[in-house]
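Here the structure is laid out as structure tokens; the discussion comes afterwards.
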Amino acid sequence: QVQLVESGGGLVQPGGSLRLSCAASGRVFRIYTMGWYRRAPGKQRDLVATIMSGGSTNYADAVKGRFTISRDNAKNTEYLQMNSLKPEDTAVYYCYARIEAYGSDIARDYWGQGTQVTVSS
């Protein structure tokens, strides 16, 4: 009934930029926290950034000053602007949102399908 669809991954050279998008659709009543995680090859999934409904943000130390998370509440969409990309940023990026659906009494966590980001020359 609710799904998150990601877009914007790809191959980029070191120092380059990419912008990821994640749109929530379906029976979305209210979105609370939104965020991005990533999983590098052979590693666990790690937090990249989160943004609260009021706009406050939190970043992993590895991306502070390079990545910016934002959201458009009218479009039920979040974004991750990634600048000064490094090879160690290579990973599958997953968006996340805590959503209360119409007809539900509680919010639950939803995940996007993942998008590959590869930073290589």
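Taking segment 28-59 as the range and being among the charged types (D, E, K, R) and closer than 17 Å to residue 78 by Cα as the test, the residues that pass are 30, 38.
Here residue 52 meets the list (1) hydrophobic (A, V, I, L, M, F, W, C); (2) open to solvent by 70 Å² or more (accessible area, probe 1.4 Å); (3) under 14 Å from residue 2 (Cα atoms) almost entirely, failing just condition (3). If you go through segment 2-23 and keep only what is over 11 Å from residue 114 (Cβ atoms), open to solvent by 30 Å² or more (accessible area, probe 1.4 Å) and not in a strand (DSSP E or B), you end up with 8, 13, 14, 15, 17.
Annotation note: Cβ proximity below 9 Å between a residue of segment 46-69 that is in a loop (DSSP other than H, G, I, E, B) and a residue that is among the small types (Gly, Ala, Ser) and open to solvent by 50 Å² or more (accessible area, probe 1.4 Å) (sequence gap 6+ or interchain) occurs for 65/84; 66/84.
Yes or no, residue by residue, for (1) surrounded by 17 or more Cβ atoms within 10 Å (Cβ to Cβ); (2) more than 25 Å from residue 31 (Cα to Cα):
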site: 78; (1), (2): yes, no
site: 84; (1), (2): no, yes
site: 90; (1), (2): yes, yes
site: 94; (1), (2): yes, no
site: 103; (1), (2): no, no
site: 120; (1), (2): no, yes
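Every listed requirement among (1) in contact with a Ser or Thr (Cβ under 7 Å, 6 or more places away or on another chain); (2) farther than 18 Å from residue 7 by Cβ; (3) open to solvent by less than 80 Å² (accessible area, probe 1.4 Å); (4) not β-branched (Val, Ile, Thr) is met by residue 98 save one, (3). Within segment 105-118, if we keep just the residues that are among the aliphatic types (A, V, I, L, M) and farther than 18 Å from residue 10 by Cα, the residue that is most open to solvent (accessible area, probe 1.4 Å) turns out to be 106.
The values are calculated or read from the model by the stated rules, or taken from the named source; none is laboratory data. Everything numeric in this text was worked out from a predicted model, so none of it was measured. Heads up, the Cβs are rebuilt from the backbone with ideal geometry, glycines too, and the neighbour counts pull from every protein chain shown. Ligands, DNA and RNA are stripped out before the accessible areas are found, and what is left, the full protein with its side chains, is counted by its heavy atoms. Shrake-Rupley method; radii C 1.70, N 1.55, O 1.52, S 1.80 Å.
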